[in-house]
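**Q** One structure follows; several queries about it will come next.
The values are calculated or read from the model by the stated rules, or taken from the named source; none is laboratory data. Note that the structure is predicted; figures quoted are calculated from it, not measured. Positions of Cβ are generated from backbone atoms using ideal geometry, with glycine treated the same way; all protein chains shown enter the neighbour counts.
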Amino acid sequence: MGHSVRTSPAGSEPVLREAYDTALLDLDGVVYAGGAAIGHAVESLLAARAGGMHLAYVTNNALRPPEVVAGHITELGVPTEAADVINSAQAVARLIAEQVPQGAKVLVIGGEGLRVALRERGLVPVESAEDGPAAVVQGYGGPELAWGRFAEACHAIERGVPWFASNTDLTIPSARGIAPGNGAAVEVVRIATGAEPQVAGKPLPPMHRETILRTGAERPLVVGDRLDTDIEGAFNGEVDSLLVLTGVTRAAQLLAARPEHRPTYVDTDLRGLLTGQPEVSADGDGFRCGGFVARAGAETLELDGDGEPMDGLRALCAAAWTAAGAGECGLDAGKALARLGL
């Protein structure tokens with residue numbers, strides 16, 4: 001299969017929970033933020049599952065083991081098993097296990113999720129560069145991760161030990177706003193050593209492979225809030241995606257998105273799983289969705305009409321992405337987005 005350049009969000013006559021057998025849901029910014037459920041998430045997930053959709057949770061956050069994450073989702077109101085949680089710790093552990101001997105020691109810079117995933121692959125987590133590790137693995141360790149752990153990684157890498165990272169998300173959503181993610185910590189080690197890690201998490205193929213192996217999904221729909229991980233990961237895996245605007249991505253970023261960052265569908269939140277998606281169609285020199293028509297002017301994106309704000313955004317996406325082709329749209333969308341309250 002090859003990639004084609006998406007020039008507008010797609011329409012879907014059946015509701016998404018019926019069109020796809022499995023939702024591959026990101027967690028931070030999609031299901032919860034700072035530990036608390038995002039508005040409409042719980043009831044939407046329960047309704048999607050009642051309609052026959054399998055729910056799987058796919059996260060780049062390697063801090064917590066699957067059973068802990070499943071327990072958290074269950075506490076929020078969506079009963080979940082550990083097997084329904086796939087994280088970047090599992091993906092990176094498989095990647096390491098394919099390159100080092102069975103039973104090898106691995107220096108862990110991160111949280112318990114990494115240690116659980118390594119043991120699952122028959123590898124032995126260690127804490128020091130002096131323990132003779134065959135690999136170094138770095139994953140999100142939470143706000144309490146000690147600075148000295150980065151030095152430990154550097155000492156091993158400087159001795160030629162191969163370096164792996166669960167993911168390189170620069171930021172992570174929290175209850176108080178955006179906080180540094182594992183990618184920021186990886187940059188500390190990269191700057192100090194000049195080395196480059198092998199990375200497993202979204203948007204790279206090892207994470208998609210891990211997800212499909214563990215879920216058995218045949219018609220998966222990736223659901224996420226980030227263009228550079230969730231949506232690009234779906235693009236790389238050649239599967240459809242739904243962007244929800246409850247996390248990192250803002251409407252202006254979506255309009256400027258490069259082809260690999262353009263989702264199949266866009267919606268306000270997880271209620272989008274329970275609805276069909278309206279068609280976007282050509283309308284003269286513009287694009288219509290619902291009651292809105294959007295056009296690309298010389299310097300700005302223009303919007304006429306009235307209706308549901310998401311329909312206006314979908315029409316604007318079509319105008320922006322068509323104008324940009326295989327590049328990024330640089331047209332000013334401020335006035336049009338302000339009209340939509342976005």
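**Q** I'd like to know if region 35-43 contains one or more residues that are at pLDDT below 95 and either aliphatic (A, V, I, L, M) or closer than 30 Å to G142 by Cα (or both).
**A** The initial filter retains those residues of region 35-43 that are at pLDDT below 95, namely 35-36.
After this cut, where a residue has to be either aliphatic (A, V, I, L, M) or closer than 30 Å to G142 by Cα (or both) as well, the list is 35-36.
Yes, region 35-43 contains at least one residue that is at pLDDT below 95 and either aliphatic (A, V, I, L, M) or closer than 30 Å to G142 by Cα (or both).
**Q** Right, another one. Mind counting the residues in region 51-69 that are in a loop (DSSP other than H, G, I, E, B) and aliphatic (A, V, I, L, M)?
**A** Within region 51-69, the first condition is being in a loop (DSSP other than H, G, I, E, B), and the residues that meet it are 51-53, 60-65.
Narrowing further to those that are aliphatic (A, V, I, L, M): 53, 62-63.
So the count comes out to 3.
**Q** Quick check on region 120-131: of everything there that is exposed (fewer than 13 other Cβ atoms within 10 Å of the Cβ) and of a type in the set (G, A, S), which residue is farthest from the chain's Cα centre (by Cα)?
**A** Per the stated criteria, the residue is S128.
**Q** Does region 7-20 contain at least one residue that is over 16 Å from the mean Cα position of the chain (by Cα), β-branched (V, I, T) and not in a loop (DSSP other than H, G, I, E, B)?
**A** Step one: list which residues in region 7-20 are over 16 Å from the mean Cα position of the chain (by Cα), which gives 7-20.
From what's left, β-branched (V, I, T): 7, 15.
Next cut, not in a loop (DSSP other than H, G, I, E, B) only: none.
No: zero hits.
**Q** Quick one: would you say D230 is outside the structural domain of F164 (by TED's automatic domain parsing) and within 21 Å of N87 (Cα to Cα)? Break it down into steps so the answer makes sense when it comes.
**A** Values: outside the structural domain of F164 (by TED's automatic domain parsing): yes; within 21 Å of N87 (Cα to Cα): yes.
Taking the combined requirement at face value, the residue satisfies it.
**Q** For region 70-82, does any single residue satisfy the condition of being within 17 Å of V186 (Cβ to Cβ) and either touching a residue at least 24 places away in the same chain (Cβ under 8 Å) or not in a helix (DSSP H, G or I) (or both)?
**A** Step one: of region 70-82, the residues within 17 Å of V186 (Cβ to Cβ) are none.
No; the residues of region 70-82 include none that is within 17 Å of V186 (Cβ to Cβ) and either touching a residue at least 24 places away in the same chain (Cβ under 8 Å) or not in a helix (DSSP H, G or I) (or both).
**Q** Among the residues of region 97-113, is there at least one that is out of contact with any Leu (no Cβ under 9 Å at 6 or more places or on another chain), in contact (Cβ under 8 Å) with a residue 12 or more places away in the chain and under 23 Å from K202 (Cβ atoms)? First the steps, then the outcome.
**A** Within region 97-113, the first condition is being out of contact with any Leu (no Cβ under 9 Å at 6 or more places or on another chain), and the residues that meet it are 98-99, 101, 107.
Adding the requirement that they be in contact (Cβ under 8 Å) with a residue 12 or more places away in the chain leaves 99, 101, 107.
Adding the requirement that they be under 23 Å from K202 (Cβ atoms) leaves 99.
Within region 97-113, one or more residues are out of contact with any Leu (no Cβ under 9 Å at 6 or more places or on another chain), in contact (Cβ under 8 Å) with a residue 12 or more places away in the chain and under 23 Å from K202 (Cβ atoms).
**Q** Considering only region 22-32, I want to know if a residue exists there that is exposed (fewer than 14 other Cβ atoms within 10 Å of the Cβ), of a type in the set (A, V, I, L, M) and within 19 Å of the chain's Cα centre (by Cα). Give the derivation first.
**A** Restricting attention to region 22-32, the residues satisfying the condition of being exposed (fewer than 14 other Cβ atoms within 10 Å of the Cβ) are none.
No, every residue in region 22-32 fails to be exposed (fewer than 14 other Cβ atoms within 10 Å of the Cβ), of a type in the set (A, V, I, L, M) and within 19 Å of the chain's Cα centre (by Cα).
**Q** Residues in region 297-319 that are among the β-branched types (V, I, T) and touching a Pro at 6+ places or on another chain (Cβ under 8 Å): how many?
**A** Number satisfying all stated conditions: 0.
**Q** On to the next question. For region 91-113, which residues satisfy the criterion of being among the hydrophobic types (A, V, I, L, M, F, W, C) and in a helix (DSSP H, G or I)? Even if it seems obvious, please write down each step before you answer.
**A** Quick first cut of region 91-113, residues among the hydrophobic types (A, V, I, L, M, F, W, C) only: 91-93, 95-97, 100, 104, 106-109.
The answer is A91, V92, A93, L95, I96, A97.
**Q** Just checking, which of G286, G290 is at positive phi, without any contact (Cβ under 8 Å) to a residue 60 or more places away in the chain and outside the structural domain of V42 (by TED's automatic domain parsing)?
**A** Values: G286 fails: at positive phi.
So the residue among G286, G290 that is at positive phi, without any contact (Cβ under 8 Å) to a residue 60 or more places away in the chain and outside the structural domain of V42 (by TED's automatic domain parsing) is G290.
**Q** Which numbered condition in (1) within 18 Å of L340 (Cβ to Cβ); (2) under 28 Å from the mean Cα position of the chain (by Cα); (3) surrounded by 22 or more Cβ atoms within 10 Å (Cβ to Cβ) is the only one that R262 fails?
**A** The single condition R262 does not satisfy is (1).
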